[in-house]
1. Return a whole-number percent for the relative contact order of region A:105-153, with Cα pairs under 8 Å and 6 or more residues apart as the contact set.
2. Pull up all non-local amide H partners of A:His79: gap of 5 or more, or a different chain, and H-to-H distance under 5 Å with H placed in the peptide plane.
3. Measure off 7 Å from each Cα along the Cα-to-Cβ vector at A:Asp39 and B:Ala147, then give the distance between these two points in nanometres to one decimal.
4. Only four residue types carry charge here, +1 at the Cβ of Lys and Arg and -1 at the Cβ of Asp and Glu. Report the dipole size of region A:4-90 about the Cα centre in Debye, rounded to the nearest 20.
5. Express the relative contact order of region B:3-247 as a whole percentage, based on alpha carbon pairs under 8 Å and six or more residues apart in sequence.
6. Taking only Cα atoms and a 10 Å spring cutoff, compute GNM fluctuations for chain B and point out the largest among B:Asp216, B:Asp71, B:Asp180.
7. How much of the DSSP bridge set in the protein assembly as shown is antiparallel, in percent, rounded to the nearest 5?
8. Structure shown: which of A:Lys154/B:Lys208; A:Lys77/A:Lys154; A:Lys72/A:Lys128; A:Lys81/A:Lys124; A:Lys77/B:Lys132; B:Lys132/B:Lys158 lie over 32 Å apart, alpha-carbon to alpha-carbon?
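Read-outs throughout are calculated quantities, based only on the coordinates presented, and are distinct from any laboratory measurement. What you see is a predicted model, and the numbers here were worked out from it, not measured in a lab. Because the Cβ atoms are built from the backbone with ideal geometry, glycine has one as well, and the counts that use them run over all protein chains shown.
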Amino acid sequence: MVEAQTISEAQVWEWLEDVPDPEIPVISVVDLGVIRDVDVSDEGVIVTITPTYSGCPAMSIISLDVELALAKRGLEKVHFKTRLSPAWTTDWLSEKGRASLEDYGIAPPQPAGGPERCPHCQSKNVEKVSQFGSTACKAQWRCRDCLEPFDYFKCI
Amino acid sequence: MATDSALFEFLLRQGDNSLVLGHRLSEWCGMGPALEEDIALANTALDLIGQTRLWLSYAGEVEGAGRSEDDLAYLRDAYDFRNALLLEVPNEDFGRTILREFFFDAFQLPWLHALIDSADERVAEIAAKSAKEASYHLERSAETVIALGDGTDESNAKMTAALTYLWPFAGELMVDDEVDHAIAEAGVAPLPSTIKPAWNATISGTFKEALLTRPDSDFAHAGGRNGFRHTEHLGHMLAQMQVLQRSHPGAAW
Ligand SMILES: [Zn+2]
């Protein structure tokens, strides 16, 4: 076990960069923008999380994964705080996260409310199948050119 | 500041509306008429249950009797629930399920937007979070009402039957009582009746496209929001929803 106060906050952030999102493992929880604060004190590490969707079942898994990842580095006193306000927005997805999403076949969120292009063939000729998808954060779209269906990360 | 008992009632109303509708929608899980609809209903249910947790955990804190969100959801009887009657009646069919959700969404979205300005910071935070989700719910339920109303003769007939059944339940969402007045005076929320113009506009606009006719009567059943008289359906719903905690008190996993 390492003493929390000897660890820098930057170091903790770096470790969290390696914790994948449980539902979209190509992006980290840091890229997702749900980790809002890391606070290192004598009491241990306090990680502040802002949930994506109210009912997202991944949120409790994220806390667990963060706890395990930090325990592996020897940090055993990890506390979590939930911060609702300001509410999570897709604007908090990192640029790196957005690029990884597209590589993975998920169109990143756009302020216009629909995907910019098909993540498979880059065609802009796309149509919505349903505003709801395989997880709370995604909608189902289809490409009219390559005919492949794809997930779109909803803008909220 | 609102008295704690008025605030507690208000939070139960918020949480119970989301909980009861969320549970009704979850009854569709695995039974939707198409895969996309099944997924949409389950996702909407999940959003609503998530919002329920935020409202009821705050309600438990305000009450100060040590009850958690789970205690409030699973260990209260029907007469202690404070949801609108509209939300507890059975799904019946897909059309009625969607029309009921639409009536609620058309109220809930402007209502949550108004709550963002609440004098109670926690209420404002929960509302801001929930409003983002509610805008997707309304978009989809309105689109689906139009698709079914302006669909086939059969789908239009089913929507008309659903409308006849549900209409007398819709008004209760926007009838003020003494709790609403206490909450409004404290600046926690506006009176529900102030949402009526926005609700009317959404209903009229959507009905026009859906080829549905708004009934003339403004008669509204009451008794859900104050717990005075729920329908017989709520007890049956709770029997299913609460069975695990009732049979195995304190079960956790
Ligand atoms: Zn394509």
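1. That works out to 36 percent.
2. The answer is A:Val45, A:Ile46, A:Val47.
3. According to this spin-label approximation, the distance is 4.6 nm.
4. 200
5. Normalised by residue count, the contact order of region B:3-247 is 25 percent.
6. Its mean-square fluctuation being the largest, the pick is B:Asp216.
7. The antiparallel fraction comes to roughly 70 percent.
8. A:Lys77/A:Lys154; A:Lys72/A:Lys128; A:Lys81/A:Lys124; A:Lys77/B:Lys132
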